[in-house]
1. Which numbered condition in (1) out of contact with any Ser or Thr (no Cβ under 7 Å at 6 or more places or on another chain); (2) within 14 Å of chain B (Cβ to nearest Cβ); (3) touching a residue at least 24 places away in the same chain (Cβ under 8 Å) is the only one that A:Ile355 fails?
2. Does B:Gly373 fit the bill of being at positive phi and either touching a residue at least 40 places away in the same chain (Cβ under 8 Å) or within 23 Å of the chain's Cα centre (by Cα) (or both)?
3. Among the residues of segment B:245-268, are any within 26 Å of the chain's Cα centre (by Cα), within 14 Å of chain A (Cβ to nearest Cβ) and either without any contact (Cβ under 8 Å) to a residue 12 or more places away in the chain or part of a helix (DSSP H, G or I) (or both)?
4. So, in segment A:280-310, of the ones that are touching a Pro at 6+ places or on another chain (Cβ under 9 Å) and assigned to a helix (DSSP H, G or I), which residue ends up nearest to A:Leu222 (Cα to Cα)?
5. Yes or no: B:Ala423 of a type in the set (A, V, I, L, M, F, W, C) and touching an Asp or Glu at 6+ places or on another chain (Cβ under 7 Å)?
6. Keeping to segment B:334-348, report how many residues are modelled with pLDDT of 95 or more and over 20 Å from the mean Cα position of the chain (by Cα).
7. Out of B:Ile4, B:Ile19, I need the residue that is out of contact with any helix residue (DSSP H, G or I) (no Cβ under 6 Å at 6 or more places or on another chain) and crowded, with 17+ Cβ neighbours inside 10 Å. Which one?
8. Kindly list the number of the only condition in (1) crowded, with 24+ Cβ neighbours inside 10 Å; (2) out of contact with any helix residue (DSSP H, G or I) (no Cβ under 8 Å at 6 or more places or on another chain); (3) away from every other protein chain (no Cβ under 14 Å) that fails for A:Thr276.
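The values are calculated or read from the model by the stated rules, or taken from the named source; none is laboratory data. The structure presented is a predicted model; accordingly, all values stated were derived computationally and were not measured. Glycine gets a Cβ as well: all are built from the backbone with ideal geometry, and neighbour counts include every protein chain shown.
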Number of protein chains: 2
Amino acid sequence: MTAIETFIARIQPLVGNRISTNATVRQHHAHGEGWQSPDPAAQPDVVVFARTTEEVAAIVSACHDLYLPVIPFGGGTSLEGQLTATKGGVSLDLSQMNAIPEIRPQDLSCRVQAGVTRQQLNGLLRSDGLFFAVDPGGEATLGGMCATRASGTGAVRYGTMRENVLGLTAVMADGKIIQTGGNVRKSATGYDLTGLLIGSEGTLGIITEIQARLHPLPETILGATCQFSTLADAVDTATSIIQAGLPIGRLELLDDVQMDACIRYSSLEGYRPLPTLFFELHASPASVTEQADLLREITEYHNGLSFRASASPEERTRLWKARHDAFWACMAYRQGHKGMTTDAVVPISAMTDMITLAKQDIEESGLVAPIVGHVGDGNFHTVILIPPEPDGWARAQALDHKIIQRALDLGGSISGEHGIGIAKQMFMHNQHGNDAIMVMHAIKRALDPRNILNPGMLLPAAVSP
Amino acid sequence: MTAIETFIARIQPLVGNRISTNATVRQHHAHGEGWQSPDPAAQPDVVVFARTTEEVAAIVSACHDLYLPVIPFGGGTSLEGQLTATKGGVSLDLSQMNAIPEIRPQDLSCRVQAGVTRQQLNGLLRSDGLFFAVDPGGEATLGGMCATRASGTGAVRYGTMRENVLGLTAVMADGKIIQTGGNVRKSATGYDLTGLLIGSEGTLGIITEIQARLHPLPETILGATCQFSTLADAVDTATSIIQAGLPIGRLELLDDVQMDACIRYSSLEGYRPLPTLFFELHASPASVTEQADLLREITEYHNGLSFRASASPEERTRLWKARHDAFWACMAYRQGHKGMTTDAVVPISAMTDMITLAKQDIEESGLVAPIVGHVGDGNFHTVILIPPEPDGWARAQALDHKIIQRALDLGGSISGEHGIGIAKQMFMHNQHGNDAIMVMHAIKRALDPRNILNPGMLLPAAVSP
């Protein structure tokens, strides 16, 4: 028997028909939404759908015994190739782990299984007047969001997964189940294993449950937008807002091209294809009014053309749906093109330079690449539209790499929220330096000596010291 | 030559007269402010005062070669025995590393050497309208605050060291210098080494520089207090404030005994020895007024006796100085007693039960133990006054342990901000479970295979799996 056959024989009695070697199922589990391996063989040999932490432990334990790779799979929305089965093995699908065992309104926290989506959780929390604040868009699972250290439009106010997870249940490489953190808002009791697992992309342990920090729903939410004649004015406005300490709820930039795409896709009447900021204010009624006045002042100072605020939930939903559909608007913008999403982050002070240079790079490339950014964090994306031509992918990747290098040159980081996966490993030494990469390798070897947990992911090949 | 003699011969040319084997200097470096080893021999053999990261690297490298323990020393304010030289070795004093190479007002960040104190930093930042928000009281250094994952009165609004450090420079066990994190507000590029070093109490690496997150000074600060006839009412008020999502700047509880001590020590006229909450509101003028109204409403709902608010900086300073002097007020409260500080944290929902039970435990013990708490975080301290009697220390420790066990029983944590050191290792298995402790040990072995970095600290003896 092969190792895979032995694995199936051992696990099938446990999971019944929740195990599959079907080609379509395997192919579905071989990739996320973004980067795909050029190697069509980089697929898992078998897919198992787990429902409990104990099942995950049994599966990982079997993989450990058999030296089989195991790749956790949540919503399948990752963008940097995190689901590529570089050495085959077992895709461990956690999407059926979607129970919410505990909501603690008094503690502003809850415990969810790893397969729960943000939408599912927030639907349930609404009646308690609470919400989970990390919002990467898409139907991501909280487990996947932990694994990639996701953030999104709410991070400027509420932080990323790093700040919104109080504790985890995880299965380690040898099948042991550990609890990290807990139900307390802070703790100083040893190494921060919660923080270590967040952002580890399935390479140090499999996250099966999350103790999440919740926030009270804002008493008032005000949506607003402002258009600008130049990109620099829009970005300067965003940086001024952060530097003024205005506790803005959301702060998003869409450049002229992205606005053009969104106007067409989402029928945004009354908007012109100009650089635009989308705002959301979360506060009490009096504070919202005060903040909106300050916001308007800042936009006017930076030559804003048209500050518009609306307390109407319908108008707000329409605008933010358009923002969240930005990727799909890009896809519809050029027939037959695919999208490659750049993700980089720079210090706030470098934001204007960064976006200006990126815009130049895009123009020089001759490609169409709308820019959309969580500018309050210094984080931005370009959705590079890949022309359906033989050299399309290579041209898009060259542009992507140029923009990433710009971010590094400006003291920034090669990923704000999508992680490293396979796609960005070649920048890791440049980002961190060899010695820090060696520390990461030492941790990986210590916690997964058989290298079964999402092998080939996140860490670049070690360079000997 | 002994290893220590070899070390001195190797390092003296580098640091000149900044190296000492003087008995008084060694004794001073053998302890913090709190827990002290009953073993008077647990002193370093030699003390070195470093001024640069490169000097630290050379010192650690020498220790690595010679298998010598190295114990980082900052402000000497730790409370759980973190400075005990369990195996002798080198005390590495970083207090002369007090340069502030970079302040970046636009990025709301700065870079400081590890020996910089909060007071020094905030003095310098004032002219830029910025401040560093973590405030543990005392003359702690930022390096030490990182090492113990410190927090304090501002954490309820601004978070702990975990949330306020963007990146670190650290010297690892082999003397290699690494950079973690950076100048960006978020990043998803590999294992969170910043987070791993924060709270590691010098056992994984020596922190030499800190990239700190800054906040704009609040436009308006309002101080307020309210006294209550029962402790439960005071705690219920605090929990209601958090659950209402009021973005309070500080929220501190002093019980009747602590108030009695503070009234005497700090001449707090007009206050009675009753359970009291100290508040601070940080916001714009309009928001502060609105928040103060809500605050008053919540205190009234919970039978507050006397809500008093004051925008006067002098009055606010007087009150908060009294709060920060609480420990010294306790010391002055009973002649000839020493203090043992309990540090525990529970879920917000368990706060009233916790404080009520702790109060009972104190009464049953027959000891005097004022309670002071960062109740917005669920974190509280009792300063147990150790009677100058043969069994005084044992009685105090028994009470301390009883309260810690209560916190564990209520789903809490054995330390909110003082860390583990030597004093709390016996609770670590209970807190985390054996398998998580084994993971911590694996990390320690991987990053410090010779066990030279603050050996004997933080991690309890490994229990084989």
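1. (2)
2. no
3. The answer is yes; a qualifying residue exists.
4. A:Val288
5. Spelling it out, B:Ala423 is indeed of a type in the set (A, V, I, L, M, F, W, C) and touching an Asp or Glu at 6+ places or on another chain (Cβ under 7 Å).
6. The total comes to 0.
7. Selected residue: B:Ile4, the only one of B:Ile4, B:Ile19 that is out of contact with any helix residue (DSSP H, G or I) (no Cβ under 6 Å at 6 or more places or on another chain) and crowded, with 17+ Cβ neighbours inside 10 Å.
8. (2)
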